[in-house]
Amino acid sequence: MDALLLSIRLALIVSAILFALGLPLAYWLTYSRWPGKFIVEAIVALPLVLPPTVLGFYLLVAMGSRGALGRFWQAAFGHGLAFTFTGLVIASVLYSLPFAVQPLAGSFESVDRKLLDASAVLSAGRLRTFLRVILPLSIPGMITALVLTFAHTLGEFGVVLMVGGNLSGATRTVSIDIYDHVQAMEYGDANRTALGLLIFSFVVLSIVYGVNRRLGRRTWAPWPAR
Amino acid sequence: MMFRFVRRRVVVAALAAAVALFLPAQLGRSAQQQKLRIAAAADLQFAMADLSGQYEKQTGTATDITYGSSGNFFTQIQNGAPFDLFFSADTDYPEKLDAAGLTEPGSLNKYAVGRIVIWVPTESKIDVARQKWDSLLQAGVQKIAVANPQHAPYGRAAVEALKRAGIYDQVQSRLVYGENISQAAQFVQSGNAQVGIIALSLALSPAMKDGKRWGIPAEDYSAIEQGAVILKNSQNKDAARKFLEFVKSGSGRAILARFGFAIPGGAEKSAR
């Protein structure tokens, strides 16, 4: 139970952070004309192709007591960063970054440019256009980004194992908990936890995609579909 | 209108996230300070549970045990993992930590000597006690589970014994490596590997004691002397010391003996 709550808490926090970070990044990726944009796109997409152990290894070294980030954290806050919940949050934010940014960027991309031109002609600044035109039309993309980030963080294993240290109450997420039970040959417990997570994830995804479909079909209406 | 619809929901989500962020962190944190954090090698999966359970009954000190491969703990501790005690499955890793100045000086203690056995599930047709090393060469044996010799002391012992018995080359292609000795045991217990070379302590555990085993002769591998050490950045050194004393006391040793551990003969502290 502890582990499940910890995992959900981690997933919620990471989703919220990535939503806040992902919006400006996705906006920049969609509308910027900087020639070096492809480099940023590649960096954002890296966690998609890298095995979790690669990211986990570098994060462990960076956040550990001998790494640059770890030492800075120790000096600033009086305790380490690796093997803490905060360290997990940072690791998860990096690891789930493409799952937030790519759906958002894709959604922004599909907004008809003529609408943006019309908004500009009507003297709306870029922020106003973003908030009043682009965002409402990108609700399906935003929901997808949130759900994917949430689900991906919930299911994280490799990075958590390397950076977390499997400390109960702080970094023993549900995926690690299941792994622990299997190693201890407590198959009953493993099954219960795994099944609980499966059902929870399925219910969350069903609700979100169900709602998303209703919203998606009426994106141009002034009122949300009832 | 649409905008207000979106904004309201974003605000609610942000508030929910903020609540989720701060509340449970405060609730959970103080409870963690009191517990003794132990990093235990995977072969102690069941023995340590018994030891800490008994200790908690006697003294009321709760423990928080994380099991894994000794090599992994070594790396994590080097990078600042917040454990109080490290029970390794060898003495190399604690000695290296000592040399790196990451331990409480003088706290290195050999607490047990481990043994390896060849193990098969009850249903297996292989009679390990009679066939001994030949069990590994039987026709039906497609996979042999051992712990990863790169970082697991029991894996190293298994490979060493295989080489001394002269059959390593024949079986090497069929070895499957568990990330630690527990995972190796789980491979063979679940039937995914037909035979395994596992720790005696795991073979004697409730989950596996019904299986068939053959104790590999001690001459075939270097003694698996297991050392424990108190870590330098522990916040709980007194409690750690007391637990270590308990493990080496009569009742602690009785529990270890139940899992097939021998008591290290001679010097209690590392001679080096």
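Throughout, read-outs are computed from the coordinates displayed, never taken from laboratory work. Note that this is a predicted model, so its numbers are computed, not measured. Please note: Cβ atoms are built from the backbone with ideal geometry, for glycine as well, and neighbour counts cover all protein chains shown.
See the values below:
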| read-out | value |
| --- | --- |
| Calculated [θ] (222 nm, deg cm²/dmol) that DSSP helices of n ≥ 4 give over chain A, each run adding -39,500 (n - 2.57) | -24000 deg cm²/dmol |
| Cβ neighbours within 10 Å from other chains - mean over B:185-192 | 2 |
| Percentage relative contact order, the range B:114-220, counting C-alpha pairs under 8 Å, at least six apart | 44 percent |
| Set of lysines near residue B:232 by C-alpha distance (under 26 Å), chain-local residues within fewer than 8 positions excluded | B:35, B:96, B:110, B:242, B:248, B:269 |
| Sequence ranges A:64-75, B:75-86, B:59-70, ranked by mean other-Cβ count within 10 angstrom, highest first | B:75-86, B:59-70, A:64-75 |
| Sorted peptide list for B:165-176, B:230-241, B:211-222, criterion being average Cβ within 10 angstrom, highest first | B:230-241, B:211-222, B:165-176 |
| Quotient of Cα Rg and 2.2 N^0.38 Å for the range B:122-183, N being how many residues it contains | 1.11 |
| Chain B: C-alpha gyration tensor shape, a/c 1.5 cut-off, then a/b vs b/c | oblate |
| Span per principal axis, largest first, for the Cα atoms of the range B:114-220 (Å) | 28, 27, 25 |
| Peptide-level mean, for B:74-86, of C-beta atoms on other protein chains within 10 Å | 6 |
| Mean separation of Cα contacts under 8 Å, 6 or more apart, over the residue count of chain A: relative contact order % | 28 percent |
| Burial ordering of A:200, A:85, A:38, fewest other beta-carbon atoms within 10 Å first | A:38, A:200, A:85 |
| Cα pair distances in the protein assembly as shown, grouped into 10 Å bins until the bin that holds the longest one, percent each | 4, 17, 24, 21, 15, 10, 6, 2, 0, 0 |
| Inverse mean reciprocal Cα-Cα distance (Kirkwood Rh) of the range A:30-103, Å | 13.7 Å |
| Chain A, Cα convex hull volume normalised per residue, Å³ | 148 Å³ |
| Axial C-alpha extent at least 18 Å, average Kyte-Doolittle at least 0.0 - helices from chain A (DSSP) | A:2-31, A:37-49, A:85-109, A:139-154, A:187-217 |
| Neighbour-count order for B:251, B:124, B:135, fewest beta carbons within 10 angstrom listed first | B:251, B:124, B:135 |
| For A:86, A:53, order by how many other beta-carbon atoms lie within 10 Å, fewest first | A:53, A:86 |
| Peptide A:54-66, shielding by other chains (average Cβ, 10 Å cutoff) | 2 |
